[in-house]
Structure formats: C-alpha cells, structure tokens
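Undergrad: Here you go, one structure.
No value in this document is a laboratory result; all are computed from the given coordinates. Worth saying up front: this structure is predicted, and the values here are computed from it rather than measured. For neighbour counting, all protein chains shown are included, and Cβ atoms are generated from backbone atoms with ideal geometry for every residue, glycine included.
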Amino acid sequence: MTDLNDLRDVTALKERIAAELAAVRDRSLAYTDADDETLLRQHSPLMSPLVWDLAHVGNYEELWVLREVGGVTPLRPEIDDIYDAFKTPRKDRPSLPMLAPDEARRYISGVRGRVLDVLDAVDLDDSDPLRAGGFVFGLVLQHEHQHDETMLATLQLSRQPGLVRDGALPPGRSPNLSAAPEVHIPGGVFTMGTGTVPWAYDNERPAYRVHLPDYWIDRYPVTNGAYAAFVEDGGYRDPQWWVPRGWEWVERAGVEAPLFWTKDGGEWWRIRFGREEQVPEDEPVQHVSWYEADAYARWAGKRLPTEAEWEKACGGRLYPWGDAQPGLEQANLGHHAARPAPVGAYPGGASPYGVEQLVGDVWEWTDSWFQPYPGYRSFPYKEYSEVFFGETYRVLRGGSWATHPSAVRTTFRNWDHPIRRQIFSGFRCARSES
Ligand SMILES: [Fe+2]
C-alpha cells in the first residue's frame with residue numbers, strides 16, 4: 001500500500017487514488033442496496049433520505065474534480081441546488097425533486113467515469129493547491145466516506161434489520177486487571193495540528209505549539225458498564241451534574257439513558273441496526289450527547305479532555321501507534337463489525353503514553369468548541385469549516401468503528417451540536433493534576 005505521506009511517486013499515488021475511489025464507491029453502493037422506499041424515506045428529521053446522500057457525493061465530486069479541476073461542462077446543472085447542503089436544510093430534503101435511486105446511481109457512475117479520465121490526465125505536482133498531492137481527490141474521497149458514516153447513522157435510526165452487515169472483533173482485556181485506568185501525561189509543549197499531512201483539512205492547519213500543564217487521561221473510553229452506573233445512580237435526575245443548557249435538554253427531551261437504550265427486567269437493552277440485544281458492559285458507550293458526556297465526567301469527579309489534551313495523548317504522530325496505516329491490530333475502523341470493540345481490544349494501537357483506542361470505536365467528545373487554529377486559512381471553501389467556528393459546536397476526535405481509515409488521523413477534527421447523539425459518539429475523561 002502506498003503511504004499517503006509519500007507523494008513523490010505520482011504513478012503510485014494515482015493508483016492509490018483510483019483504488020480508494022473504487023473502494024469508497026463499493027461502500028456507498030452497499031449502504032444503498034435497499035428497496036426504493038427505504039432509500040427515499042426520511043428516517044429521522046436529523047438525516048437526509050439515503051438516496052440524497054448518494055447523489056450528493058456524486059454532485060460534490062462533479063463540482064470539485066470535474067468542473068473545478070478538469071474544466072468539464074456541468075453534466076446536470078439543474079440538480080446543483082438540490083444537492084447543495086447549504087441551500088437545502090436536511091428537514092426539507094424529502095420534498096425536493098431528488099433523483100430516483102436508479103437515476104442517482106447512473107448519475108454518480110457517469111461522474112465517476114469522467115473523474116477517472118481527469119485523474120489520468122491531471123498533473124498532481126502542480127503548484128495549484130487543489131492538484132498538489134492529489135488534494136482534490138482526497139477531498140472527495142473523505143467526503144464520500146463521511147457520508148457513508150452518515151448513512152450508517154441513518155440506517156441505525158431506521159431500526160430496520162438486515163441492512164447493515166456485522167462482523168468479528170478482537171476480544172477485550174479487563175482494564176481492571178491489565179493496566180491503570182488513567183494515564184499521566186507530563187506537562188510541556190507539543191505540536192498541535194499539521195502542516196504536512198497532504199490530505200488534511202483546513203481546520204487541522206497550520207501546526208502550532210501548545211503548552212499544557214500535567215494532566216491525567218483515561219486509558220480507555222468510558223464503557224457501557226461504567227455509564228450504566230451513572231444512570232443507576234440517578235444521574236439523569238440530578239441537575240448538579242449538568243450544565244444549565246444540558247439540564248434544560250434532559251427535561252425538555254425526557255432523556256433518561258443513551259439513545260437506543262431501554263431497560264427491561266432489570267437489564268439494559270439496546271437496538272443496534274434493527275436488532276435488540278443486551279448492552280455489553282465492556283464496550284465503549286456510544287450514542288451519547290456532549291451534555292451526557294460532560295455530566296458523566298462531573299459525576300465521576302473528572303472532566304472531558306480539551307482537544308489539545310486529547311491530541312497530545314496521541315503522542316504527536318499520524319496515528320497513536322505511529323505512521324503506519326491502520327490495520328486490524330491497531331484500531332476498530334472501517335466497519336469491520338457494526339459496533340465498538342470492548343476496551344482493551346487494541347493494545348497494538350496504544351499511543352507512546354499507553355493511551356488506547358484513541359482512534360476508532362467511538363468519536364470522542366472533547367470539552368473544546370470548534371474554533372480555528374492560530375493562522376487558519378480557509379481552503380478550498382469557507383463552508384467546509386469556517387462557517388461552523390464559534391461557540392455552537394463541540395469538537396469530537398478519533399473516528400468511530402464506522403469511520404474509514406482514510407478519513408481520520410490524530411489531527412482530524414469533527415464537530416457537532418452538543419445535543420446530537422445519533423452519531424457514533426462516546427468519550428473518555430480527564431482530570432488536572434491535583
Ligand atoms: Fe456533503
């Protein structure tokens with residue numbers, strides 16, 4: 001496999017891009033291998049119909065690779081507005097004159113054929129930043145993988161069984177027996193963000209130096225078992241654990257447990273892709289909002305890590321284990337199974353500090369708002385990151401089991417509203433040196 005960081009070999013890079021484009025398309029088609037009714041229905045007001053996501057990734061690819069880089073005449077200019085995420089809020093998408101599923105598949109395949117022609121002809125050493133290092137292909141690849149993860153969230157919300165494949169994962173190690181639950185990270189300066197990873201987004205740039213005092217961070221994400229103890233202790237009925245807006249949300253929405261959890265016969269059960277199963281105690285908790293993560297941390301006598309603390313705990317490399325592409329020994333990424341792995345399942349993915357499962361399993365909420373780094377410059381368009389900066393969205397790090405390895409790294413930043421929990425979100429705690 002070509003190392004994405006070694007861009008000297010342009011032929012190998014083009015082959016890698018072509019292979020990755022084929023793989024991501026297989027993935028998108030697998031998640032939309034359902035009847036038209038399932039694809040056209042809006043399963044939740046938070047999500048688009050699946051067929052919107054499908055045509056949208058093709059339209060995005062057309063805009064950026066064909067029109068912007070290839071100078072190709074628009075194939076279907078009349079559909080641009082329908083698939084512009086900024087012009088059509090999710091709740092309005094079902095009423096749009098969307099392409100029907102077969103038409104959408106034909107459209108994205110027509111785009112893709114021309115994209116491969118552009119890939120053949122394009123100069124990737126060009127001084128144009130969209131072409132250099134194949135950035136624009138990295139952009140559309142990551143974008144499609146991100147929509148694939150969104151489609152998985154939609155499929156989970158649909159509660160329909162049989163649409164998403166499951167698989168095997170390595171076993172966990174009991175964290176109580178094998179290692180201390182917290183890791184001490186010594187104070188000092190470290191480099192946050194990146195100036196060198198070729199396909200990194202604008203919001204990960206530029207690299208800059210950050211000083212942090214000593215702190216402690218959990219070795220593993222918080223498990224279902226640990227989170228259930230918070231629920232059983234009346235965590236959702238006690239405002240002392242919640243920030244005021246979080247408490248308002250709990251009362252207004254009647255929240256009593258993570259999304260998809262129910263209690264039956266004294267046991268916790270969950271719906272996972274349409275099937276009911278007992279909540280496994282040793283898996284990282286998922287489908288919790290930032291407010292829930294923050295309340296749990298306070299109840300536990302801790303706090304959420306800042307994103308700088310989270311990133312420093314990774315040890316300053318592309319991945320916590322080093323620069324090698326993620327494999328089965330390192331991380332639960334890329335939908336091997338449709339769930340997080342138990343804690344302790346990836347000793348081979350530990351960071352130099354010994355912190356585990358930072359990448360993969362669940363997106364981890366941090367205490368930080370989504371803000372630009374010093375020296376930030378919007379690229380290639382301000383609607384990717386810039387319009388989201390401020391005190392509206394909280395940052396999540398590390399990717400989930402549903403995230404593809406090409407769409408995550410230690411510097412990667414995701415963000416969402418603090419009430420959202422249909423995403424594959426969990427967390428770990430931190431605390432200051434005392
Ligand atoms: Fe998009």
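Undergrad: Treating the beta-carbon of each Lys and Arg as +1 and of each Asp and Glu as -1, no other charges, what is the dipole magnitude of region 10-158 about its Cα centre, to the nearest 20 debye?
TA: Rounded to the nearest 20 debye, it is 240 debye.
Undergrad: So, one more: For the chain, what is the relative contact order in percent, using Cα pairs closer than 8 Å and at least 6 residues apart in sequence?
TA: With pairs under 8 Å counted, the relative contact order is 18 percent.
Undergrad: So what's the net charge close to VAL183: Lys and Arg +1, Asp and Glu -1, counting the other residues with Cβ under 12 Å from its Cβ?
TA: In short, -1.
Undergrad: Starting at the first residue of region 195-211, write each ³J(HN,Hα) from the Karplus equation 6.51 cos²θ - 1.76 cosθ + 1.60 with θ = phi - 60°, in whole Hz, x for Gly and Pro.
TA: x, 10, 5, x, 9, 5, 7, 4, 6, 8, 10, x, 5, 8, 8, 10, 9
Undergrad: Still on this structure, I have one more. By the gyration tensor of its Cα atoms, with a ≥ b ≥ c the square roots of the eigenvalues, what is the shape of region 10-158: rounded for a/c under 1.5, prolate for a/b over b/c, or oblate?
TA: prolate
Undergrad: Starting from the Cα of LYS263, draw a straight line to each of the lysines and keep only those under 30 Å, dropping any in the same chain fewer than 8 residues away.
TA: List returned: LYS302.
Undergrad: Something else now. Mind checking which lysines have their Cα closer than 29 Å to the Cα of LYS382? Skip sequence neighbours fewer than 8 apart in that chain.
TA: LYS14, LYS87, LYS91, LYS312
Undergrad: Quick one: check the C-alpha center-to-center distance for region 246-315 versus region 325-376, whole angstrom.
TA: 17
Undergrad: Hey, another quick one. Tell me what the chain gives for mean residue ellipticity at 222 nm when only DSSP H runs of n ≥ 4 count, each as -39,500 (n - 2.57), the sum divided by the residue total, rounded to 500 deg cm²/dmol.
TA: Computed mean residue ellipticity for the chain: -9000 deg cm²/dmol.
Undergrad: Please tell me the relative contact order of region 202-356 in percent, rounded to the nearest whole number, where contacts are Cα pairs under 8 Å and at least six residues apart. Intermediate values should be presented prior to the final figure.
TA: Numbers: 155 pairs, mean separation 41.2, N = 155.
Here the relative contact order equals 27 percent.
Undergrad: Please list, by residue number, everything in region 38-52 whose backbone N is under 11 Å from a paramagnetic label point 7 Å out along Cα→Cβ of LYS91.
TA: 45-46
Undergrad: Normalised by the number of residues in region 10-158, what is the relative contact order in percent for Cα pairs under 8 Å and 6+ residues apart?
TA: That works out to 36 percent.
Undergrad: Against the longest alpha carbon principal axis of the chain, how many degrees, from 0 to 90 and to the nearest 10, is the axis of helix 290-299 turned?
TA: Here the helix axis deviates by roughly 20 degrees.
Undergrad: Considering every Cα-Cα pair within the chain, what fraction, in whole percent, is farther apart than 31 Å?
TA: Of all Cα-Cα pairs in the chain, 40 percent lie more than 31 Å apart.
Undergrad: Based on the alpha-carbon gyration tensor of region 250-394 and its eigenvalue square roots a ≥ b ≥ c, which shape applies: rounded if a/c is under 1.5, prolate if not and a/b is larger than b/c, or oblate?
TA: It comes out oblate by the Cα gyration axes.
Undergrad: Hey, another quick one. Students often get this wrong: which residues of region 265-289 have the backbone nitrogen under 16 Å from the point 7 angstrom along Cα-to-C-beta of GLU256?
TA: Under 16 Å, as judged by backbone N against the label point of GLU256, lie 265-271 of region 265-289.
Undergrad: Separate question: Given axes a ≥ b ≥ c from the Cα gyration tensor, I'd like to know whether region 102-148 is rounded (a/c under 1.5), prolate (a/b larger than b/c) or oblate.
TA: Verdict is oblate for region 102-148.
Undergrad: Next question. Could you work out how far helix 10-31 tilts from the main Cα principal axis of the chain, as a 0 to 90 degree angle to the nearest 10?
TA: Relative to the chain, helix 10-31 is tipped by roughly 70 degrees.
Undergrad: A further question on this structure: When the Karplus curve 6.51 cos²θ - 1.76 cosθ + 1.60 is applied with θ = phi - 60°, which whole-Hz ³J(HN,Hα) does each residue of region 96-113 get, with x for Gly and Pro?
TA: 3J(HN,Hα) across region 96-113, in whole Hz: 7, x, 5, 5, 5, x, 5, 5, 4, 5, 5, 4, 5, 6, x, 4, 4, x.
Undergrad: To continue, here is another question. Within the set of other residues whose C-beta is less than 13 Å from the C-beta of ASP35, count the net charge using Lys and Arg as +1 and Asp and Glu as -1.
TA: -3
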